[in-house]
1. For V179, all conditions in the list (1) open to solvent by less than 60 Å² (accessible area, probe 1.4 Å); (2) closer than 18 Å to Y66 by Cα; (3) over 13 Å from the mean Cα position of the chain (by Cα) hold save one; what is the number of the exception?
2. In the stretch 144-188, how many are closer than 14 Å to I110 by Cβ and either touching a residue at least 60 places away in the same chain (Cβ under 8 Å) or not in a helix (DSSP H, G or I) (or both)?
3. Considering only the stretch 58-70, state which residues are open to solvent by less than 70 Å² (accessible area, probe 1.4 Å) and touching a residue at least 60 places away in the same chain (Cβ under 8 Å).
4. Which helices (runs of 4 or more DSSP H) sit wholly inside the stretch 71-143 and have at least 3 residues that are hydrophobic (A, V, I, L, M, F, W, C)?
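The values are calculated or read from the model by the stated rules, or taken from the named source; none is laboratory data. For clarity, every value in this text was computed on a predicted model and none was experimentally measured. In this analysis, Cβ positions are derived from the backbone assuming ideal geometry, glycine residues included, and neighbour counts consider all displayed protein chains. These accessible areas exclude ligands, DNA and RNA; they are computed on the full protein's heavy atoms, side chains included. Shrake-Rupley method; radii C 1.70, N 1.55, O 1.52, S 1.80 Å.
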Amino acid sequence: MTTATKNKLYRIGNSLLSALYPDRCAICGELVNGGECVCVSCDDSFVRKPDMFYIGKTVCYSVCEYTEVNKQIIFGAKNNRDFHKLCFMASGIYELLKAYGVIDDIDAVIPVPASLKRRITRGYNHTEKISRHLSFLSGIDVIKAVRKTKETGEQKTLSRSERLVNLKGCYCMSKRNIVRNKTVLLIDDVTRT
């Protein structure tokens, strides 16, 4: 199935969901105009701090700081099945990549995989949902090219060195040939290490 067909189906699905569940502000939950992610009142409380930085030789982009309001959005997206917050996160990433002028250079979007236990508990992988909405906005294909090979504990309470040890060897490329010589965007919700 082509990306255009997937996006058309995605648009139809979103329209049906919007008819049943009107769009709400990702921060306060108030009704918003169709397609809006946050209400006018909350727009100022979402602190955008676009940033580009390097981890080793890898270019990283960050949409915002990890403030209390932003933490609520991420938590709601991950744990409360709040798909509107996931779309809000994808929209922020899309706008950031457009602002840096790199959106057209990306060949594929790869979501960081969740463990089987997390997918079963949540019912979905939140980074995959973010990636799918980003694909809808940009037309870039989503490729599941990374696989999680071992269960890891939560990262949020660990120090930098503990996180590095916790993640060592837990991911592997499952479709190396598909992404060879391509510029890929790896999607995760929080960058700490």
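1. (2)
2. Selection size over the stretch 144-188: 20.
3. Answer for the stretch 58-70, where residues must be open to solvent by less than 70 Å² (accessible area, probe 1.4 Å) and touching a residue at least 60 places away in the same chain (Cβ under 8 Å): C60, S62.
4. Per the criteria, 83-99, 126-138.
Yes/no matrix, rows are residues, columns are (1) touching a strand residue (DSSP E or B) at 6+ places or on another chain (Cβ under 7 Å); (2) surrounded by 15 or more Cβ atoms within 10 Å (Cβ to Cβ); (3) over 19 Å from R11 (Cα atoms); (4) among the β-branched types (V, I, T):
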site	(1), (2), (3), (4)
G56	no, no, yes, no
S91	no, yes, no, no
L97	yes, yes, yes, no
I106	yes, yes, yes, yes
S115	yes, yes, yes, no
G139	no, no, no, no
